[in-house]
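The values are calculated or read from the model by the stated rules, or taken from the named source; none is laboratory data. On a predicted model such as this, the values are computed, not experimentally measured, just so you know. Positions of Cβ are backbone-derived with ideal geometry, glycine not excepted, and every protein chain shown enters the neighbour counts.
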Amino acid sequence: MVDKHIGRTLAFAAFLVLGCQETGLVEEDAGGPPPADGAAPSDAGAPVEAMHSYTPAGCGYSVTTPPVTEAGASEDVFGPSPSADHIHVSWAGPSHSSFAVNWRSDTGTLASRVLYSTDRAALSAADGSGGAVFEQLGHHMLFRDLARRTTRVHEAHVCGLSPSTEYFYRLGGPGHWSAVFSTATAPSPGASDAFTFAVTGDSRGNEEQAWAISQRRVRDALADFELFSGDAVILGTAQDQWDDFWSADDGAGFDVQQLLSSTPLMMVNGNHDALAVNFVAQTAFAQDTFMNERAQGEEWYSFDYGNAHFVMLDDNDRELWGTSEAMWLEQDLSAAEANPAVEWIFVTHHRPFYTCMSTHSPDTSLRAAWQEIFDRHHVDVVFTGHNHVYERSRPIRGLSGGQGVIAAEGLNGAPVITGGTASGTVYLVAAGVGAPLYEVSTSCATTYSARAERTYVTVRVNGRELQVTVRNAMTDSMVDQFGWTKG
Amino acid sequence: MSARAASFALALMCLVTGSSARAQPARERALAAERAADPAAARAAWQAVAAEQHGSRDAAHARTRLEWLAARSEGDLAPLASLMRYQVTPLEERTIEVASAFAQVVEEMPEGRVRVESRAAVADDLLRLGALSHARAVFEAQLRDGLAGEGERRGARDGVARALARGGDESGALDYLERDGPAAGGTYEALRRERLVRVSTPFAAAALGLYVLLSLALGLRALARGGAAAARAAWAPQRAAAAVWIALGPALLAAWYDAEAADTFLALCAGTLILTALGSIAGRAVAGRAGRAALSALAVLAHLALAWWVLLGSGGLVSFL
Ligand SMILES: [Fe+2]
């Protein structure tokens with residue numbers, strides 16, 4: 001529990017020295033008036049603060065930047081070395097018809113365009129839209145980190161795409177296009193096409209290059225997308241750590257961009273990430289702003305992929321998790337349960353509320369706030385991190401005196417399925433692709449298995465069948481495997 | 001819908017479902033072959049996916065997998081097949097016998113990526129299972145392999161050190177890692193942390209024990225001499241209130257800010273209050289600047305020792321040291 005305080009103490013010190021806006025600790029009031037485009041006029045000496053809000057062409061949603069030093073629409077202005085790096089994709093709109101891409105450039109470059117096509121050759125030859133090649137305009141942001149170093153990042157949202165299709169794309173602007181990257185859209189909503197997603201977390205510190213190695217394994221495991229359970233960096237306001245996160249390499253020719261430029265990375269906020277402006281500006285998730293939600297609505301969100309619903313929660317906001325976030329969760333899961341296209345529900349957040357004798361004890365107040373909602377809507381699996389170990393709970397449904405009630409258990413710790421519904425929710429802690437390993441125990445009644453190993457998880461969903469495979473990120477050997485079929 | 005439109009729609013449907021019906025089995029065949037640790041069958045199936053599903057997400061996957069297989073195709077994929085079989089063996093079935101047998105297979109593998117990756121997998125299991133000298137031999141073979149990358153070499157060096165430490169030779173492990181210049185990394189940090197904890201714990205215990213005994217003895221003497229008046233003077237209400245506030249303030253802040261940290265702060269606060277209360281009464285029995293300075297110095301050491309213990313107990317030191 002002390003490790004988090006390093007981050008918090010440093011961030012707090014920074015807060016005292018630099019003021020809230022510079023650290024990203026304080027977001028704007030999400031319920032406030034719509035921000036004006038471009039940089040706000042600044043008084044001499046006062047920090048410049050800008051936000052930019054727009055609806056990307058063809059997308060049915062609007063995008064708002066966090067308050068940063070500069071923000072604006074793409075302009076064809078190029079700095080001395082405008083090439084894009086830190087390229088990574090995610091979904092802020094429907095996964096079957098859109099993708100969002102974030103990247104970094106030198107601070108002078110404002111061009112934030114995406115050229116995209118299903119025709120790789122046509123795209124390689126193009127310097128603009130035409131024929132099979134299309135173009136989308138994004139936005140750029142300049143922010144300062146804890147060390148007052150400035151970083152220019154870009155973001156664009158591409159919409160109106162076909163399901164289950166690979167799209168090739170290039171970033172930049174006329175005369176300055178990046179190499180060709182590609183990403184793929186999800187199957188149509190409710191389609192029972194099989195898919196695979198990966199789960200990792202707690203890369204902070206990147207010990208043993210475990211972050212890059214895990215990402216190489218995720219690529220080789222053919223994950224269609226990846227969930228990240230928080231704590232990407234030690235100090236969320238330190239941009240050099242984010243730079244490492246987006247560009248880490250395994251020392252053998254693989255860098256994480258090779259995966260993240262094609263495989264959407266869906267992240268939750270960890271206590272170390274601190275919802276810093278760096279985190280918010282460099283990622284794009286659904287901006288479904290709910291009462292008091294921070295980060296322009298990206299603090300928590302959900303998305304669908306095929307026949308599964310994914311809920312991504314922030315458990316660092318003590319003021320909100322039992323109030324507005326719980327209300328949102330209830331609404332979101334009710335809608336998911338009522339949606340005939342949804343067979344599976346997966347939740348990701350950072351701090352486990354089932355974990356055994358590890359560094360952080362289970363967060364019982366979080367358990368009290370959320371488990372009843374998970375139970376009522378039959379969440380299948382919950383992924384967490386924070387304790388840098390691997391742990392799987394027995395199926396759990398219900399609380400008795402604040403303790404989880406162990407539900408009927410089938411083969412190998414899987415829940416029993418009755419009438420298509422699982423007897424309980426399985427809670428996983430699977431994190432530590434870079435953070436120092438902790439110890440863990442199997443002595444708690446709710447724990448099915450536990451290992452102090454750096455793991456990455458892959459989950460195969462094939463219609464009504466689920467298979468979870470847990471492997472050691474360093475050796476790729478099997479650590480755990482389980483699953484079930486919903487009748 | 002006109003007959004022509006209907007037949008066109010039908011033709012389109014046949015085309016769409018027909019092509020996915022053809023490609024779906026190829027993809028499933030490839031994945032099944034991967035699960036069955038049959039890389040040759042997987043390669044043939046991925047080639048079929050790549051050819052049939054041009055432009056789809058499956059095609060992208062097929063390309064990734066074909067590149068992966070090509071980089072590990074030495075010995076006609078036979079070494080890869082045995083590595084894949086080993087890696088999917090459940091953890092509890094990877095016993096010393098199984099791991100030792102596979103280690104034998106690995107040393108007979110032809111030079112290549114598979115042999116390097118196999119060593120990393122089997123050596124880690126040998127180490128976990130306590131076959132320390134065998135694990136060390138495999139890690140050392142890895143270090144001699146020219147095809148091992150920088151990361152794999154570092155992993156092997158860490159492995160040798162972990163084998164030494166598990167065998168009780170902690171300083172030998174640290175020396176080994178420091179041999180080629182400044183060492184770093186998770187294993188090195190963990191070993192140094194263990195040594196620091198082991199070396200420092202007796203000193204912390206001695207400082208705390210000495211201070212508690214000495215201040216108890218001095219405190220009793222002060223009480224014997226001054227009686228209730230001495231206690232009232234040492235623990236005057238304002239002083240006590242200030243001490244409680246200084247000690248409990250952080251605990252309250254912690255409880256408000258992060259319930260998880262509250263236990264640590266409460267332990268620190270309670271311990272600090274007790275040590276301070278002991279010191280203030282003991283101080284009344286010590287005359288002269290030198291004596292009071294010595295008692296104060298010992299009190300500072302005792303507080304540090306207490307903090308050290310509480311932090312160790314909280315587990316949080318793992319990120320500090
Ligand atoms: Fe954490």
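Go through the stretch B:259-299 and give me each residue that's among the hydroxyl-bearing types (Ser, Thr, Tyr), more than 14 Å from chain A (Cβ to nearest Cβ) and closer than 30 Å to A:Leu366 by Cβ.
Within the stretch B:259-299, just B:Thr272 meets the criteria.
Quick one: A:Leu366 ticks every box in (1) among the aliphatic types (A, V, I, L, M); (2) within 12 Å of chain B (Cβ to nearest Cβ); (3) over 19 Å from A:Arg318 (Cβ atoms) bar one, so which box is it?
Evaluating A:Leu366 over (1) among the aliphatic types (A, V, I, L, M); (2) within 12 Å of chain B (Cβ to nearest Cβ); (3) over 19 Å from A:Arg318 (Cβ atoms) leaves (3) as the failure.
Mind checking which pairs have a first residue in the stretch B:86-97 that is more than 10 Å from chain A (Cβ to nearest Cβ) and a second that is part of a helix (DSSP H, G or I), Cβ under 8 Å, 6 or more apart or different chains?
B:Ile96/B:Leu126
Name the residue, out of A:Tyr456, A:Tyr427, that is among the aromatic types (Phe, Trp, Tyr) and in contact with a helix residue (DSSP H, G or I) (Cβ under 8 Å, 6 or more places away or on another chain).
Numbers: A:Tyr427 fails: in contact with a helix residue (DSSP H, G or I) (Cβ under 8 Å, 6 or more places away or on another chain).
Among A:Tyr456, A:Tyr427, only A:Tyr456 is among the aromatic types (Phe, Trp, Tyr) and in contact with a helix residue (DSSP H, G or I) (Cβ under 8 Å, 6 or more places away or on another chain).
For residues that are within 14 Å of chain B (Cβ to nearest Cβ) and under 26 Å from A:Phe197 (Cα atoms), tally how many sit in the stretch A:322-355.
Number of matching residues: 5.
Within the stretch A:221-231, can one find any residue that is within 16 Å of the ligand (Cβ to nearest atom), under 15 Å from the mean Cα position of the chain (by Cα) and within 13 Å of chain B (Cβ to nearest Cβ)?
Yes, that holds for at least one residue.
Residue check, B:Arg192 against (1) at pLDDT below 90; (2) more than 14 Å from chain A (Cβ to nearest Cβ), all met but one. Which one?
With respect to (1) at pLDDT below 90; (2) more than 14 Å from chain A (Cβ to nearest Cβ), B:Arg192 is out only on (2).
What residue, among those in the stretch A:430-453 that are within 12 Å of another protein chain (Cβ to nearest Cβ) and in contact with a His (Cβ under 7 Å, 6 or more places away or on another chain), is farthest from B:Ala190 (Cα to Cα)?
A:Gly432
Filtering the stretch A:204-220 down to residues that are within 27 Å of A:Glu299 (Cα to Cα) and not aliphatic (A, V, I, L, M), which residue is nearest to the ligand (Cβ to nearest atom)? Steps first, answer last, please.
First pass over the stretch A:204-220, keeping only residues within 27 Å of A:Glu299 (Cα to Cα): A:204-206, A:210-212, A:214-215, A:218-219.
Pick out the ones that are also not aliphatic (A, V, I, L, M) and you get A:204-206, A:211, A:214-215, A:219.
Working: A:Arg204: 8, A:Gly205: 11, A:Asn206: 15, A:Trp211: 15, A:Ser214: 17, A:Gln215: 19, A:Arg219: 25 Å.
For the stretch A:204-220, the residue satisfying everything is A:Arg204.
Filter the stretch A:357-399 down to the residues that are in a loop (DSSP other than H, G, I, E, B) and within 16 Å of the ligand (Cβ to nearest atom) and list them by number.
Within the stretch A:357-399, A:Ser358, A:Thr359, A:His360, A:Ser361, A:Pro362, A:Asp363, A:Gly385, A:His386, A:Asn387, A:His388, A:Val389 qualify.
Which residue pairs have Cβ atoms closer than 8 Å, lie 6 or more positions apart in sequence or on different chains, and pair a first residue in the stretch A:370-386 that is within 14 Å of chain B (Cβ to nearest Cβ) with a second residue that is more than 16 Å from the ligand (Cβ to nearest atom) and not aromatic (Phe, Trp, Tyr)?
From the stretch A:370-386, no pairs qualify.
Only one of these conditions is not met by A:Pro415: (1) at pLDDT 95 or above; (2) within 13 Å of chain B (Cβ to nearest Cβ). Which number is it?
(2) is the only condition that A:Pro415 fails.
Tell me which residues, restricted to the stretch B:66-77, are over 30 Å from the mean Cα position of the chain (by Cα), part of a helix (DSSP H, G or I) and either within 10 Å of chain A (Cβ to nearest Cβ) or within 22 Å of B:Glu28 (Cα to Cα) (or both).
B:Leu66, B:Glu67, B:Leu69, B:Ala70, B:Leu77
Look through the stretch A:410-428, keep the residues that are among the hydroxyl-bearing types (Ser, Thr, Tyr) and within 16 Å of A:His377 (Cβ to Cβ), and return whichever of them is nearest to the chain's Cα centre (by Cα).
Here the answer is A:Tyr427.
When the residues of the stretch A:266-310 are filtered to those that are of a type in the set (A, V, I, L, M) and within 16 Å of the ligand (Cβ to nearest atom), which remaining residue is farthest from A:Trp344 (Cα to Cα)?
Among residues in the stretch A:266-310 that are of a type in the set (A, V, I, L, M) and within 16 Å of the ligand (Cβ to nearest atom), the one farthest from A:Trp344 (Cα to Cα) is A:Ala276.
So is A:Asp224 under 22 Å from A:Leu437 (Cβ atoms), among the charged types (D, E, K, R) and assigned by TED's automatic domain parsing to the domain that holds A:Val459 or not?
For A:Asp224, the condition - under 22 Å from A:Leu437 (Cβ atoms), among the charged types (D, E, K, R) and assigned by TED's automatic domain parsing to the domain that holds A:Val459 - is not met.
Among the numbered criteria (1) under 29 Å from A:Asp273 (Cβ atoms); (2) within 14 Å of another protein chain (Cβ to nearest Cβ), which one does A:Phe143 miss?
Answer for A:Phe143: the failing condition is (2).
What is the residue count in the stretch A:400-419 for residues that are buried (at least 24 other Cβ atoms within 10 Å of the Cβ) and outside any strand (DSSP E or B)?
Counting residues in the stretch A:400-419 that are buried (at least 24 other Cβ atoms within 10 Å of the Cβ) and outside any strand (DSSP E or B) gives 0.
Among the residues of the stretch A:400-429 satisfying the criterion of being among the aliphatic types (A, V, I, L, M) and in contact with a His (Cβ under 8 Å, 6 or more places away or on another chain), which is nearest to the ligand (Cβ to nearest atom)?
The selected residue is A:Val429.
For the stretch A:295-306, indicate whether the set of residues that are within 28 Å of A:Ala276 (Cβ to Cβ) and within 14 Å of another protein chain (Cβ to nearest Cβ) is non-empty.
Yes, some residue in the stretch A:295-306 is within 28 Å of A:Ala276 (Cβ to Cβ) and within 14 Å of another protein chain (Cβ to nearest Cβ).
When only residues in the stretch A:39-58 that are closer than 17 Å to A:Gln296 by Cα and of a type outside the set (Val, Ile, Thr) count, which is modelled with the lowest pLDDT?
Among residues in the stretch A:39-58 that are closer than 17 Å to A:Gln296 by Cα and of a type outside the set (Val, Ile, Thr), the one modelled with the lowest pLDDT is A:Glu49.
Okay, residues lined up against (1) among the aliphatic types (A, V, I, L, M); (2) free of Cβ contacts under 8 Å to residues at least 40 places away in the same chain; (3) surrounded by 24 or more Cβ atoms within 10 Å (Cβ to Cβ):
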site: A:Thr421; (1), (2), (3): no, no, no
site: A:Val433; (1), (2), (3): yes, no, yes
site: A:Pro436; (1), (2), (3): no, no, no
site: A:Ala452; (1), (2), (3): yes, no, no
site: A:Val457; (1), (2), (3): yes, no, yes
site: A:Thr485; (1), (2), (3): no, no, no
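Is it the case that B:Gly168 is more than 30 Å from A:Asn412 (Cα to Cα), of a type outside the set (A, V, I, L, M) and within 13 Å of another protein chain (Cβ to nearest Cβ)?
In short, no.
With assigned by TED's automatic domain parsing to the domain that holds A:Leu275 and modelled with pLDDT of 95 or more as the only criterion, which of A:Glu343, A:Glu319 stands out?
A:Glu343
I'd like to know if the stretch B:178-187 contains one or more residues that are within 23 Å of the chain's Cα centre (by Cα), within 9 Å of another protein chain (Cβ to nearest Cβ) and either at pLDDT 95 or above or assigned to a helix (DSSP H, G or I) (or both).
For the stretch B:178-187, residues within 23 Å of the chain's Cα centre (by Cα), within 9 Å of another protein chain (Cβ to nearest Cβ) and either at pLDDT 95 or above or assigned to a helix (DSSP H, G or I) (or both): present.
Can you tell me which residues in the stretch B:218-248 are exposed (fewer than 13 other Cβ atoms within 10 Å of the Cβ) and free of Cβ contacts under 8 Å to residues at least 12 places away in the same chain?
Hits for the stretch B:218-248 are B:Ala224, B:Gly227, B:Ala228, B:Ala229, B:Arg232, B:Ala236, B:Pro237, B:Gln238, B:Ala241, B:Ala242, B:Trp245.
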